[in-house]
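Inspection log for the structure reproduced underneath, given as structure tokens.
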Amino acid sequence: MKRIIAATIAAISCNVALADPASYVSASVGSAEQKLSVDGLHVTDSDTAFQIAGGYRYTPNFGVEVGYTNFGTATIAAAGASVSAKPQSVHLAATGTWNLTPEFAFTGKLGIARTSTKINERDGTFSDSSTEKKTSLMYGIGVSYAFTPVLAAVAEYQDFGKIIDRDGGTLKAHVVSAGIRFSF
């Protein structure tokens, strides 16, 4: 009986070791740029962003991903007044991979993002805080380099579109990041 259990465990281990890892988690850090447009005035600010994601590849070329992005804080100040935005987003996307070599690949994603942005406004003694939520289309392109079958470096550009669209003003956000991906 012990030999049968040991043989079964060994067979399962071999199959898992030989299978192409389909699930993954990733973490990355980069720069988030937020572009505010109000009544013809355009202002851009950037901050450090971080992302975590998890996904599953149904085939070597197609899969699905869910992720979280923190865009940092963008602040615009003039004449004693300031407005700051702290967006964070959760996305669900279809993914595509084009392997150029066994190690190097181009990647893409297209999906939807739900973004929650905390807005703080100050003007002298007046202060106001609110939260805006918006669902928008998001897309991303990138490259990956696999050091091993389970560990890869990734670099990506992701655009989250208009994360705020109200009262004649819009806020757009995108992220450029680099990180690691662990497949299992």
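For this structure, a couple of remarks:
- The C-beta contact set for segment 34-56 (first residue over 16 Å from Pro87 (Cβ atoms) and at pLDDT below 95, second residue of a type in the set (Gly, Ala, Ser) and surrounded by fewer than 16 Cβ atoms within 10 Å (Cβ to Cβ), distance under 7 angstrom, 6+ apart or interchain) comprises Val38/Gly168; Val38/Gly169; Asp39/Gly168.
- All told, Thr101 meets the bar of being more than 28 Å from Ser46 (Cα to Cα) and without any contact (Cβ under 8 Å) to a residue 12 or more places away in the chain.
- The one condition in (1) modelled with pLDDT of 95 or more; (2) assigned to a strand (DSSP E or B) that Thr101 fails to fulfil: (2)
For (1) in contact with a Phe, Trp or Tyr (Cβ under 6 Å, 6 or more places away or on another chain); (2) modelled with pLDDT of 95 or more; (3) surrounded by fewer than 16 Cβ atoms within 10 Å (Cβ to Cβ), each residue gets a yes or a no:
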{"residue": "Leu92", "(1), (2), (3)": "no, yes, yes"}
{"residue": "Thr97", "(1), (2), (3)": "no, yes, no"}
{"residue": "Ala113", "(1), (2), (3)": "yes, yes, no"}
{"residue": "Thr125", "(1), (2), (3)": "no, no, yes"}
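- Matching residues, segment 55-98, being touching a Lys or Arg at 6+ places or on another chain (Cβ under 6 Å) and outside any strand (DSSP E or B): Thr73
- Scanning segment 42-59 for residues that are closer than 30 Å to Pro21 by Cα and small (Gly, Ala, Ser) yields Ala49, Ala53, Gly54, Gly55.
- Taken as a whole, the structure leaves Ser84 outside the set of residues that are within 17 Å of the chain's Cα centre (by Cα) and within 25 Å of Val43 (Cα to Cα).
- A single member of Ala178, Ala152, Ala146 is in contact (Cβ under 8 Å) with a residue 40 or more places away in the chain and buried (at least 16 other Cβ atoms within 10 Å of the Cβ), and it is Ala146.
- Some residue of segment 165-183 being under 19 Å from Ser28 (Cα atoms) and either modelled with pLDDT under 95 or in contact with a His (Cβ under 8 Å, 6 or more places away or on another chain) (or both): no
The values are calculated or read from the model by the stated rules, or taken from the named source; none is laboratory data. Just so it is clear, the model here is predicted, and its values are computed rather than measured. Virtual Cβ from ideal backbone geometry, glycine too; neighbours counted across all protein chains shown.
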